[in-house]
Structures are given as C-alpha cells and as structure tokens.
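The values are calculated or read from the model by the stated rules, or taken from the named source; none is laboratory data. Bear in mind that the values here come from a model prediction, so they are computed numbers and not experimental data. Using ideal geometry, Cβ is built from the backbone for each residue, glycine included, and neighbour counts are taken over all protein chains shown.
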Amino acid sequence: LWIAPNVLTLAGFLLVMFGFFFVSFLDYDLDANSNFSSPRAIPNWVWLFISILTFTAHTLDGTDGKQARRTGSSGPTGELCNVSLVRLLCILISVQVVFITTHWEKYNTGILYLSWGYDASQYGLAGFYLLTYFVEYEFYKFYVFKSITFAVCFEAGFYVICITSLVMSIYNMYLSYFVDETGRQSSLYEACLPVFSSAVLFAVSVYWAKYSPSNVIDRDPRIYFWTMGTVFSNIACRLIIAQMTQTRAEPFNFLLCMYCAVAFVSLFGHIRAQTELILLRLLAIGVTLAHLHYGICLVRIFLLFSLAILLCNLKLKHLFSESLTRFFTVVSIKVERWGNF
C-alpha cells in the first residue's frame, strides 16, 4: 500500500518513452527496415526489448487505477497524469481520433467508456513486437492480394478502428441526449466544441504534409510527428480539465495557433527548404516546452493544492484543510475559464 498510484503511471510512461527514444535513435528517418537485408536494419533483439517494455508499461498503466482504489487516493489528479502522459505518445492521427472521441463522449455524457479493445491493442502490439523478434521484419513484406501488401492492409485496419470508435461515440451521445436525456450540453455547437481544435490540427497536418514545398515530413518525420503529437496532447489535457471542473471546453488552443502559423508560413511564405525545416524544429522545441510548462504548473500549483493530493506521497494526502481545498478549487476553475497559458 505504500506505492502511490501515480508512481506506477509515471514508471509506465517512462518505459514507453525510453522505448520510443531508443528506436528513434536507431532509426531516426523511419527507413532502416524498408528494404530486404538492409545494413541499417534495426537489430532483432530490439523488438524483444520493446515488447517487454510495452507489456510492462501497459501492466503498470492498468495497475495504477486498482492501486488508487486500494489506497483510497482516486481523484482527478490521477486521471490527468494517466491520460495526459499517454496522449504525449500519440503521433498517429488514427490513434489520436480514438482518444479524442472517447473524451469528447465523456464531455457530453459524463461517462468515460473504455472498452477492452484498448487492452487488446496494447497486448497485441507487444505480441506483434515479439513475433517480429522470432520471424524478423522481412516476414511482413508480402502481398495479401495481387497488388495489396500486408502494410496496406495493416493501415486499413487503423482506419476501420477510427471509424468504428467514432460511430460508437456518436451513438452513445445520441442515447445520452435523446433517449436517457442526460446530455450535459445545451446546444449542438457546445456539444461539438471539444473536437474543433483536433479537427483543425488533423486537417492542417495532412495538408502541410502533402503540400509542403520541401516535403518536410520526409526530411524529418520524427520531429513532424512529435510536434503534432505534443500539440494534440495539450488539446486533450485541456479537454480533460474542462471535464473535471465542468467548465466550457476551449474552442481554440494556443499551441494549435502556433502550429497553424508555422504551417501557413511554410506553405505560402515562399521560404527556402532549409528554413522550413528550421521553423519546424523550433516549433517542436517551443510546443514541447510550453506543454511541459502547462502540465507542471497545472498539476503542482492548481490541482495539487485544490485536491490536496501529492502525486508521489500518500502520507501527505490529508495535509490541507477542507476550507483551503474549496478555495483553490475555485481558483483552479477560474484560471481554466480564463484560458491562461
């Protein structure tokens, strides 16, 4: 009982982040395994190592909630740490769509529905890495049909998951508003408000990647995906705060504005190819620092004080009085309404 649940969350996050940076170091340009018997191919043992990291991280991620219930330390701070850390790892739009629709659904219904499919996907991913260790990466270079490769079918599976998740969330919101009449928002505009920023992010990202004058996504794919994932993480975190405080979701996001501004200059500013790449890298540094600043200030100053929960020390849980808790709760809600950076 002495381990705080957020320690488990942080440990799982660090394992996944270590795996991400380790593979990025070995294959920064995402092309090491593109050809048969490539001399730059990722060593086979790496896939076993990543499989173990993924399995352990997800086990810790599933354990922290149980530990919070055992210790009586469940609260919004744990939810924020859990889901916000996970969101930082979302660098594919297909995964981002599944996550944001889930929290969009909760914003409207008040219920966070996570099916067993999430667990199946994580264990399936660990199993996929393990299989790669035994059969090696060349095994997946085959045609399922005459002109359709396994990679294309695998990509199509992501799209099916996106569409299924979106349809199920919309159906659950329909039941909440029109059948159970428990919907939380007063109009269609307010109900759709949380997805505006994400939709703009997805549209701008796809357009920038496709029409970039210097094809920036091929020149530095890691930085491109990291920047988009960090902006998405900030959008998701702010939506979670709106859920917890029952305040209005922000229609636009400051980091998204930065992202769109750089994309606009890159696409229509008639700048050199090297300049576009420099702008992207500077943007990556800027949004990462801004997102870390937001998260640290939010957790340590507002949520930490308002809920009287210290992230990694259960013994200090009841340190603050009830009156102080009410005071900082009001401060937290007001600051979130102001939309401070």
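Quick one: would you say ASN44 is within 24 Å of VAL135 (Cβ to Cβ), modelled with pLDDT of 85 or more and surrounded by fewer than 17 Cβ atoms within 10 Å (Cβ to Cβ)? Even if it seems obvious, please write down each step before you answer.
Details: within 24 Å of VAL135 (Cβ to Cβ): yes; modelled with pLDDT of 85 or more: yes; surrounded by fewer than 17 Cβ atoms within 10 Å (Cβ to Cβ): yes.
Against the criterion (within 24 Å of VAL135 (Cβ to Cβ), modelled with pLDDT of 85 or more and surrounded by fewer than 17 Cβ atoms within 10 Å (Cβ to Cβ)), ASN44 qualifies.
Could you list, in sequence order, the residues of the stretch 238-278 that are among the aromatic types (Phe, Trp, Tyr) and more than 22 Å from PRO221 (Cβ to Cβ)? I'd like the intermediate steps shown before the answer.
Start the filter on the stretch 238-278 by keeping residues that are among the aromatic types (Phe, Trp, Tyr), which leaves 252, 254, 259, 264, 268.
Residues satisfying the conditions are PHE252, PHE254, PHE268.
Within the bounds of the stretch 214-230, is there any residue that is touching a Phe, Trp or Tyr at 6+ places or on another chain (Cβ under 7 Å), of a type outside the set (Val, Ile, Thr) and either exposed (fewer than 15 other Cβ atoms within 10 Å of the Cβ) or touching a residue at least 60 places away in the same chain (Cβ under 8 Å) (or both)?
yes
Look at the stretch 155-181 and say how many of its residues are touching a residue at least 12 places away in the same chain (Cβ under 8 Å) and not aliphatic (A, V, I, L, M).
Residues in the stretch 155-181 being touching a residue at least 12 places away in the same chain (Cβ under 8 Å) and not aliphatic (A, V, I, L, M): 8 in total.
Of the residues THR164, THR149, THR132, THR182, only one is on the phi < 0 side of the Ramachandran plot and in contact with a strand residue (DSSP E or B) (Cβ under 7 Å, 6 or more places away or on another chain); which?
THR149
Those residues that are modelled with pLDDT of 90 or more and of a type in the set (Lys, Arg), I need them from the stretch 273-304; list them, please.
Within the stretch 273-304, just ARG281 meets the criteria.
Determine which member of the set VAL16, VAL23, VAL86 is out of contact with any strand residue (DSSP E or B) (no Cβ under 6 Å at 6 or more places or on another chain), modelled with pLDDT under 80 and under 30 Å from ALA199 (Cβ atoms).
On the way: VAL16 fails: modelled with pLDDT under 80; VAL23 fails: modelled with pLDDT under 80.
When all the criteria are applied, what remains is VAL86.
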